[in-house]
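A.B. asks: Handing you this structure, nothing more for now.
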Amino acid sequence: MRLFEETLSIPINSIPRGATFETFTLEMKNVPWDIPGADFSSEEGILDLDIVRTEYEIIVKGFLEADFTVQCARCLAPVIFPVTVGIERMYSWDPDMLSDPEVEPVSHNDGTVCILDPVREAIIFSLPAMPLCTEKCRGLCPRCGINRNIEECEHGFEA
Ligand SMILES: [Zn+2]
Ligand SMILES: [Zn+2]
């Protein structure tokens, strides 16, 4: 199997009939992650692909492990967050199959199945809504803006 990192897509002519399992090491910088409030922080990510190809469809199970950096909601310091997400999608080129809203089309432009959107959504869903660098993070002073984990100011601590 081949994988285009720039679009996180798999050319269907590289997918054999039947079941195929392959592990890819992604160079994280090649993938357009484009995730609001987060950026990748590991150089590599591990993508397991478990693909079943039948006459009319391609079923893709994917599993990604990688580190992303988010911002502490209180002090804005970067926080590394290990992401482990799984996706499962069905793709087809058969018009009858495509009447099922669960089934996505194979790209006509380049004959690939693209898993970037579902993987991106799964990552966004897995990221914490209120990441904290530590439970005890004292945050930034609302008056002068200093990081109260590092410095004291005359404004006291009004959490
Ligand atoms: Zn913090
Ligand atoms: Zn202050």
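All of the numbers you see were taken from the coordinates with simple rules; none came from a lab. Predicted model, so just to flag it, every value in this text is computed and none were measured. In this analysis, Cβ positions are derived from the backbone assuming ideal geometry, glycine residues included, and neighbour counts consider all displayed protein chains.
A.B. asks: I'd like the FRET efficiency for ASN149 and GLU27, computed as 1/(1 + (r/R0)^6) with the beta carbon distance as r and R0 of 35 Å, rounded to 0.05.
C.D. replies: 0.55
A.B. asks: Would you please calculate the Kirkwood hydrodynamic radius of segment 57-159 over all C-alpha pairs and express it in Å, rounded to one decimal?
C.D. replies: 17.1
A.B. asks: Out of residues 5 or more away from LEU26 or on other chains, whose amide H comes under 5 Å of its own, with H placed 1.01 Å from N in the peptide plane?
C.D. replies: For LEU26, the qualifying residues are GLY45, ILE46, LEU47.
A.B. asks: What number, rounded to the nearest 500 deg cm²/dmol, is the helix-based mean residue ellipticity at 222 nm of the chain, given -39500 (n - 2.57) per DSSP H run of at least four residues and division by all its residues?
C.D. replies: -2500 deg cm²/dmol
A.B. asks: Another question about this same structure. For segment 46-80, state which GluC sites (Glu not before Pro) are in a DSSP loop and have at most 14 other beta carbons lying within 10 Å of their beta carbon.
C.D. replies: The qualifying sites are GLU55.
A.B. asks: Using a Förster distance of 25 Å, how high is the FRET efficiency between LEU98 and PHE4, based on the Cβ-Cβ distance and rounded to 0.05?
C.D. replies: Calculated value: 0.65.
A.B. asks: Further question: Can you work out the Karplus-derived ³J(HN,Hα) for every residue in segment 19-24? Use 6.51 cos²θ - 1.76 cosθ + 1.60 with θ = phi - 60°, whole Hz, and x for glycine or proline.
C.D. replies: 9, 9, 10, 8, 10, 10
A.B. asks: Between ASN13 and ALA129, what FRET efficiency comes out of the Förster formula 1/(1 + (r/R0)^6) with R0 = 35 Å and r the beta carbon distance, rounded to 0.05?
C.D. replies: 0.30
A.B. asks: Amide H to amide H, which residues 5 or more places from LEU132 or on other chains are under 5 Å from it, using H placed in the peptide plane?
C.D. replies: Close amide H contacts, sequence-distant or interchain: ALA73.
A.B. asks: Compute the helix-to-body angle for 116-126: its Cα long axis versus the longest principal axis of the chain, expressed 0 to 90° and rounded to tens.
C.D. replies: 40
A.B. asks: Another question, if that's okay. Could you tell me which of LEU47, TRP33, TRP93 has its Cα farthest along the dipole of the chain towards the positive end, charges placed at Cβ (Lys, Arg +1; Asp, Glu -1), taken about the Cα centre?
C.D. replies: Of LEU47, TRP33, TRP93, it is TRP33.
A.B. asks: Using alpha carbons only, what's the Rg to Rh ratio of segment 9-126 with Rh from Kirkwood?
C.D. replies: Radius of gyration relative to Kirkwood radius: 1.04.
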